[in-house]
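Where a number appears in this text, it was derived from the coordinates with a stated rule and is not lab data. Predicted model, so just to flag it, every value in this text is computed and none were measured. Methodologically, a virtual Cβ is constructed for each residue, glycine included, from the backbone with ideal geometry; neighbour enumeration extends over all protein chains shown.
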Amino acid sequence: MFDALEEFMATMNSEKLKIAKAVEARQERFWKISHAIWSYAELGFEEVKSSTLLANTLEEAGFKVERGVAWMPTAFGATWSQGTGKPVIGFLGEYDALPMLSQKGGSPIKEPVVPGAPGHGCSHNTMCTMQALAVISLKEIMQEKGLNGTLKVFGSPAEELLASRPYMVRAGLFKDVDVVLDCHGDSTFKVAYGMEGTAMYSFIVAFQGKTSHAGSFPWMGRSAVDAVELMHAGTERMREHLPVTQRTHWVTTEGGETPNVIPDRASTWYYVRDLDENVESNFRWVLDCAQGAALMTQTTYELKVIAAVHQRFGNKALAELVFNNIQAVGKVEYTEEEEAYAKALQKEAGFPVEGMDYPMQLTSPDTEPLRGGSSDVGDVTLVAPTVSMRFPVRVPGSPSHHWTVVSTGVTSIAHKGITAGAKVAAFSAFDLLTTPEGLAKIRAEFEELARKRPYKTFLPEGAHPPLQVYSRLMERYRGAMEKFYLQPL
Ligand SMILES: [Zn+2]
């Protein structure tokens, strides 16, 4: 004899079994979509093919797609609604690649497909793909059951530039969204709540000087490279006096062409990271260093802000709900070949040779130290209750932005991770659609956070998405990469 709770649980489990089957029934198509996006390896705001493929796939499945949302041509929103349309569940999905990480798929040694070209070193080929698999499968069950609700996928470009979500928030895209499920490919199966990562300003300072013959007429020139070097020297000293939570780093993006022409142009790209409460003053101090360098060298400078994002604040009640579903889906099983590939890769890369052994965890600031990385999902966590589920598509030991992640991105290890992740995302959304008291608890926790940390963008007034940052770099490699494109069907 079932009591009411057991009966309810049994019904839930049989529904979830159906969702799992719906995911498995279409998984192979989505593995291929992931392969195609992996092979396009398009950098931030250059994801024309990747975003089109994902938007078309959702459109064909009955979602209403709006392309080019929030002033970004490669961003999209895909919505499907039934009945009252409430609650509204948002899904974030990324698809941008990284410079310099071209790598052959499934190879346990470092060998680029096109030397110097971009590659998917952060598993983003699997992420919007996984969310699309989840929502399309869940839609089938919602239709069968006549469930009320709205599923909304936010196709999010340029995460590696941290440049899309603050503009999506600014465009009001999350206004009616009750809860957001974010995701990231990883070598674990986990979810976190509480304060995560660092807030960040990303910006380019371009100095303008005067050219001249460096040997014959140096007094007629003013070196923009000197200005960049002095700015770096200044911020190097500044770093010593910042809170221990800061991370400040830079690369010179323009640094002259030849020693005998005094360079009239030089640029440096900074990331300034810290807690939400410190990051603005650190940013202003770096600008003081730029101004000081310009004064010392009699040059001028221009500032271009690429991105400005908050820390992440994951919702605990939502994380617990997602973690229950991670446990329900359970650990992925691997074949001997997969274990052998994982160990060969680990050996080659100098990681501990432990095979596909990874943890399933619910983490918080009490269990994990604050990490230095940043994500533009931070802004979303302050306007809607949000968590990021990490799903296993990498070999344990592989750090983000590494050739080993690119290698694994098209293997059966990644396939299994996409399927497992999609099940967790769809199960979690199903729980949110069918248990109003669970959603109410999540919302109440969020209202408390919103009271404590009312959202205010870090973006300067009048900032625009930096759509051209990677245009030239992408153009340089796209032709050579085309020969190796994988077909999505
Ligand atoms: Zn990433």
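Roughly what % antiparallel, to the nearest 5, for the DSSP beta bridges in the chain?
On the way: 46 of 67 bridges.
If I count the DSSP bridges inside the chain, around 70 percent turn out antiparallel.
For the pair GLU24/ASN324, report the inter-label distance in nm, with labels modelled 7 Å from Cα in the Cβ direction.
Placing both labels 7 Å beyond Cα along the Cβ direction yields 2.3 nm.
Could you list VAL88, VAL410 in order of exposure, starting from the residue whose Cβ has the fewest other Cβ atoms within 10 Å?
VAL88, VAL410
Among LYS86/LYS152; LYS16/LYS139; LYS110/LYS343; LYS86/LYS190, which pairs are too far apart, with a Cα-Cα distance over 18 Å?
Details: LYS86/LYS152 12 Å; LYS16/LYS139 13 Å; LYS110/LYS343 15 Å; LYS86/LYS190 28 Å.
The pairs that break the limit, which is 18 Å between Cα atoms, are LYS86/LYS190.
Scan around GLY185 for amide H atoms under 5 Å from its own, H built in the peptide plane at 1.01 Å from N, and keep only partners 5 or more places away or cross-chain.
When sequence neighbours closer than 5 places are left aside, the close amide H contacts are PHE391.
Would you pull out the residues with amide H under 5 Å of PHE45's amide H, same chain only if 5 or more places away, H placed 1.01 Å from N?
Under 5 Å from the amide H of PHE45: ALA158.
For each of ARG312, ARG451, count neighbouring Cβ atoms within 10 Å of the residue's Cβ, then give the residues from fewest to most. Display every interim value, and only then the final one.
On the way: ARG312 27, ARG451 8.
Ascending number of Cβ neighbours within 10 Å: ARG451, ARG312.
Can you work out the Karplus-derived ³J(HN,Hα) for every residue in the range 329-338? Use 6.51 cos²θ - 1.76 cosθ + 1.60 with θ = phi - 60°, whole Hz, and x for glycine or proline.
My calculation for the range 329-338 gives 6, x, 5, 6, 9, 10, 7, 4, 5, 5 Hz in order.
Over the range 199-308, what relative contact order in percent results from Cα pairs under 8 Å that are six or more residues apart? Each step should come with its number before you reach the end.
On the way: 230 pairs, mean separation 50.0, N = 110.
Contact order relative to length: 45 percent.
What's the center-to-center distance, using Cα atoms, between the range 56-108 and the range 294-362 in Å?
For the range 56-108 versus the range 294-362, the Cα centre distance is 20 Å.
222 nm [θ] for the chain, helices only, -39500 (n - 2.57) per DSSP H run of 4+, per residue, to 500? Could you put the intermediate results ahead of the total?
Working: 13 runs with 204 residues, N = 489.
So the helix-based figure for the chain works out to -14000 deg cm²/dmol.
Restricting to Cα pairs below 8 Å that are 6+ residues apart, what does the relative contact order work out to for the range 51-171? Please round to a whole percent.
Relative contact order for the range 51-171 comes out at 35 percent.
What aspartates and glutamates does LYS64 reach when the alpha-carbon gap must be under 17 Å and sequence neighbours fewer than 8 apart in one chain are set aside?
Filter leaves GLU140, ASP176.
Return the long-range amide H neighbours of GLY119 (sequence gap of 5 or more, or a different chain), with a cut-off of under 5 Å between placed amide H atoms.
Under 5 Å from the amide H of GLY119: LEU98, MET100, LEU101, SER102.
For the residue pair PHE484 and THR258, what label-to-label distance in nm results when each label sits 7 Å from Cα along the Cα-to-beta-carbon direction?
Calculated label separation equals 3.4 nm.
Charges only on Cβ, +1 for Lys and Arg, -1 for Asp and Glu: so what's the dipole of the chain about the Cα centre, in debye to the nearest 20?
640
Report the Cα centroid-to-centroid distance between the range 445-464 and the range 392-418 in angstrom, as an integer.
34
Applying the Karplus parametrisation 6.51 cos²θ - 1.76 cosθ + 1.60 with θ = phi - 60° to the phi angles of the range 364-371, what ³J(HN,Hα) value in whole Hz is obtained for each residue in order, glycine and proline being reported as x?
Using θ = phi - 60°, the values come out as 8, x, 6, 10, 10, x, 5, 8 Hz.
Can you work out the FRET efficiency for the pair GLU348 and ALA440, with r the C-beta to C-beta distance and R0 = 51 Å, to the nearest 0.05?
On the way: r = 50 Å, r/R0 = 0.98.
So, using R0 = 51 Å, E works out to roughly 0.50.
Given a cut-off of under 8 Å on Cα pairs at least six residues apart, what relative contact order in percent is computed for the chain? Don't jump to the answer; show the numbers that get you there.
Numbers: 1084 pairs, mean separation 117.4, N = 489.
Taking the mean separation of contacting Cα pairs over the length of the chain, I get 24 percent.
Straight-line reach from LYS304: which lysines have a Cα under 28 Å away, not including same-chain ones fewer than 8 places off?
Straight-distance partners of LYS304: LYS49, LYS210, LYS456.
Suppose the chain between ALA214 and THR457 were pulled fully straight at 0.36 nm per residue; how much longer would it get relative to their current alpha carbon spacing? The partial results should precede the final answer.
Details: separation 243, 0.36 × 243 = 87.48 nm, distance 4.47 nm.
Stretched out fully, the ALA214 to THR457 stretch lengthens by 83.0 nm.
Taking neighbour Cβ counts within 10 Å as the exposure measure, how do TYR334, TYR167 sort from fewest upward?
Values: TYR334 18, TYR167 23.
Ascending number of Cβ neighbours within 10 Å: TYR334, TYR167.
Quick one: Karplus J couplings for the range 451-462, per residue in order, coefficients 6.51, -1.76, 1.60, θ = phi - 60°, nearest Hz, x for Gly and Pro?
5, 6, 10, x, 6, 9, 5, 8, 5, x, 3, x
Distance from the Cα centre of the range 122-174 to that of the range 255-276, in angstrom?
Value for the Cα centre distance between the two parts: 37 Å.
Using a Förster radius of 41 Å, what is the FRET efficiency between ALA450 and ARG239 based on their Cβ-Cβ separation? Nearest 0.05, please. Please list the in-between numbers first.
Details: r = 33 Å, r/R0 = 0.80.
Step by step, r from the Cβ atoms, then E = 0.80.
Under a point spin-label approximation (7 Å from Cα along Cα-to-Cβ), what is the GLN143-GLU333 distance to one decimal in nm?
3.2
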